[in-house]
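Comments concern the structure below.
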Amino acid sequence: MTTAQEGPGGVPGGTGASGAAGTASTTGTAGYQPGAPGAAGYEQPVDYARSGASVVVGTVLAGVLMIIAGLWGFVEGLTAIVKRQFYTTVPNYTFRLSIHGWGWIHLILGIVVLAAGICVLVGMVWARVIGVALAALSALANFLFIPYYPVWALIVIALDVFIIWALVTGLQRQPG
């Protein structure tokens, strides 16, 4: 490209025969030209509507999944308390706790995760932070519960990891 074809600041697309400038000088931002990643002053345009919608959808999905995980934890704990023989006991397991004890842990954790999920759906920002901590705690409790009911525990761990990801994504600072 020759210098005659370059506009102000050496950006390609200067004024043509019609007198209309194709440079960033018409946009009011010096040196800015959309679609020119190598140009000086280049800024990637942000699609606020799209990122806002994805954050909202992710947060709502995380809230709903927290409610489901809370209900699952409640049922898991209630089953361990009422019908202890449903779960198998593991001899010589490092983290010795009775099935009854595991039941109370899952029952209480399930109720708290359910309540936090409802608060996330209502839109409380503190519930997102608490939700991340509770999902991490739930994942840890289910990791320790793997010897008693492996498939269920692994499914809940995967669900908790997704909940953490969705809540942390929603916590990112919104441009605006």
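The values are calculated or read from the model by the stated rules, or taken from the named source; none is laboratory data. What you see is a predicted model; the values in this text were computed from it and never measured. Glycine also receives a Cβ, built like all others from the backbone with ideal geometry; neighbour counts cover every protein chain displayed. Side chains are part of the model used for accessible areas, which takes the heavy atoms of the whole protein and leaves out ligands, DNA and RNA. Shrake-Rupley method; radii C 1.70, N 1.55, O 1.52, S 1.80 Å.
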Can you find even one residue in the stretch 40-56 that is at pLDDT 55 or above, open to solvent by less than 90 Å² (accessible area, probe 1.4 Å) and not hydrophobic (A, V, I, L, M, F, W, C)?
yes
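Might you check whether a residue that is in a loop (DSSP other than H, G, I, E, B) and at pLDDT below 95 occurs anywhere in the stretch 128-141?
Pass one, the stretch 128-141, residues in a loop (DSSP other than H, G, I, E, B): none.
No, every residue in the stretch 128-141 fails to be in a loop (DSSP other than H, G, I, E, B) and at pLDDT below 95.
Let me confirm something: among Ile130, Ile118, Ile99, which residue is surrounded by 14 or more Cβ atoms within 10 Å (Cβ to Cβ) and free of Cβ contacts under 8 Å to residues at least 24 places away in the same chain? Explain how you work it out, then say what you get.
Working: Ile118 fails: free of Cβ contacts under 8 Å to residues at least 24 places away in the same chain; Ile99 fails: free of Cβ contacts under 8 Å to residues at least 24 places away in the same chain.
The match here is Ile130.
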Have a look at Tyr93, Tyr148 and point out the one that is touching a Phe, Trp or Tyr at 6+ places or on another chain (Cβ under 6 Å), over 25 Å from Val57 (Cβ atoms) and either without any contact (Cβ under 8 Å) to a residue 24 or more places away in the chain or outside any helix (DSSP H, G or I) (or both).
Tyr148
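Could you look through the stretch 69-96, keep only residues that are among the β-branched types (Val, Ile, Thr) and open to solvent by less than 60 Å² (accessible area, probe 1.4 Å), and pick out the one that is modelled with the lowest pLDDT?
In the first step, residues of the stretch 69-96 are kept if they are among the β-branched types (Val, Ile, Thr); the result is 75, 79, 81-82, 88-90, 94.
Filter once more, so that each one left must be open to solvent by less than 60 Å² (accessible area, probe 1.4 Å): 79, 81, 90.
Details: Thr79: 90, Ile81: 88, Val90: 74.
Out of the qualifying residues, it is Val90.
Conditions (1) free of Cβ contacts under 8 Å to residues at least 40 places away in the same chain; (2) surrounded by 16 or more Cβ atoms within 10 Å (Cβ to Cβ), marked per residue:
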{"site": "Leu134", "(1), (2)": "no, yes"}
{"site": "Leu137", "(1), (2)": "yes, no"}
{"site": "Leu140", "(1), (2)": "yes, no"}
{"site": "Ile155", "(1), (2)": "yes, no"}
{"site": "Thr169", "(1), (2)": "no, no"}
